[in-house]
Amino acid sequence: MILHDYWRSSAAFRVRIALRLKGLEPERRFVHLVRGEQRAPGYKALNPQGFVPMLEDGALRLTQSLAILEYLEETHPQPPLLPPEPAARAWVRALSLAVACDIHPLNNLRVLGHLKRELGADEDARNRWYAHWIHEGLAPVEAMLAARPGPGPFCLGAVPSMADACLVPQVFNARRYRVPLEPYPLIRAVTEACLALPAFDLAQPAKQPDAEA
C-alpha cells in the first residue's frame, strides 16, 4: 500500500488519520503541491486529476479522500469508521460531506491561487474569503453537533468516526488562517478529544516527514 501525500493537504490529513486509526502504515510518497509536483507528467499519468491524496493498493489507484476512507472501511473494517446503525452511518456521512464538499473546495490551494493570480486578490482579501467560507460552513456543522443523535465526546459517540477524520483537518486549517473559533464550542471540544488520540496527533501536518518550517 502506497499513500501519495502532502503535509499541508487537509484531504491527505483525513486519510492519514483513518490509516492510523486502522493501524495501517503504507509507504509514503510525497507530492509537493506548492512546487507544482502534482502537475508533473509522471504523477498525472498515475492520477489525471493531479490531486493528493492518492492511495495505491496493489493494482488499484484510488483518489478522492472520502472514497479512500470508504475503501479502508470496507477492506479493514476494524476498528470501524462508521457506526453500525443505518441512521447513524448516514449522519456521520452527512457531516463528513458537509466538510469535504461544502467547506474545503472553496478554500483549497487551487482556489486561493486563482484568487491571487487571476483576480488580483491580495493577502487580506484572500484571508477574508477564507474566513467567510469557514464561518458559512462551520456554523451548520456546529448546529449538526448540537442536534446529533447521540452523545460525544467525538462527532458521534465514544469512538472517532469518518466525520472526526474530516472535521479535525478543517479546524486545523481554520486555526492556521487565524479564523476565530469561539462561536463553535462543540467543534472545539470534538477537536480536543480527537487530538488527545495518537492517531490524530501523529497525523498532524507538522509531524509529517515532508513538513516544512
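The values are calculated or read from the model by the stated rules, or taken from the named source; none is laboratory data. It should be emphasised that the depicted structure is a prediction, and the values quoted were computed from it without experimental measurement. Cβ coordinates were reconstructed from backbone atoms using ideal geometry, including for glycine residues, and neighbour counts include every protein chain displayed.
Go through region 170-198 and count every residue that is buried (at least 20 other Cβ atoms within 10 Å of the Cβ), closer than 24 Å to PRO84 by Cα and not β-branched (Val, Ile, Thr).
Of the residues in region 170-198, 1 are buried (at least 20 other Cβ atoms within 10 Å of the Cβ), closer than 24 Å to PRO84 by Cα and not β-branched (Val, Ile, Thr).
May I ask you to list the residues in region 77-135 that are of a type outside the set (Val, Ile, Thr), part of a loop (DSSP other than H, G, I, E, B) and in contact with an Asp or Glu (Cβ under 9 Å, 6 or more places away or on another chain)?
Within region 77-135, PRO80, LEU81, LEU82 qualify.
Which residues, taken from region 128-138, are aliphatic (A, V, I, L, M) and farther than 15 Å from THR191 by Cα?
Once the filter is applied, which keeps residues that are aliphatic (A, V, I, L, M) and farther than 15 Å from THR191 by Cα, region 128-138 yields ALA131, ILE134.
Among residues belonging to region 1-51 that are in contact with an Asp or Glu (Cβ under 6 Å, 6 or more places away or on another chain) and not basic (Lys, Arg), point out the one that is farthest from PRO209 (Cα to Cα).
In this case the residue turns out to be MET1.
Name the residue, out of LEU156, LEU167, that is surrounded by 14 or more Cβ atoms within 10 Å (Cβ to Cβ) and in a loop (DSSP other than H, G, I, E, B).
LEU156
Where the second residue is surrounded by 10 or more Cβ atoms within 10 Å (Cβ to Cβ) and aliphatic (A, V, I, L, M) and the first is closer than 25 Å to PRO205 by Cα and free of Cβ contacts under 8 Å to residues at least 12 places away in the same chain and lies in region 40-61, which pairs have Cβ atoms under 9 Å and are six or more apart or on separate chains?
Taking only residues 6 or more apart or on different chains, the pairs are ALA40/VAL31.
From the list LEU62, LEU69, which one is closer than 19 Å to ILE2 by Cβ and buried (at least 18 other Cβ atoms within 10 Å of the Cβ)?
Result of the check over LEU62, LEU69: LEU69.
Within region 89-109, is even one residue in contact with a Gly (Cβ under 9 Å, 6 or more places away or on another chain), surrounded by fewer than 18 Cβ atoms within 10 Å (Cβ to Cβ) and assigned by TED's automatic domain parsing to the domain that holds PHE154?
Yes, the conditions are met somewhere in region 89-109.
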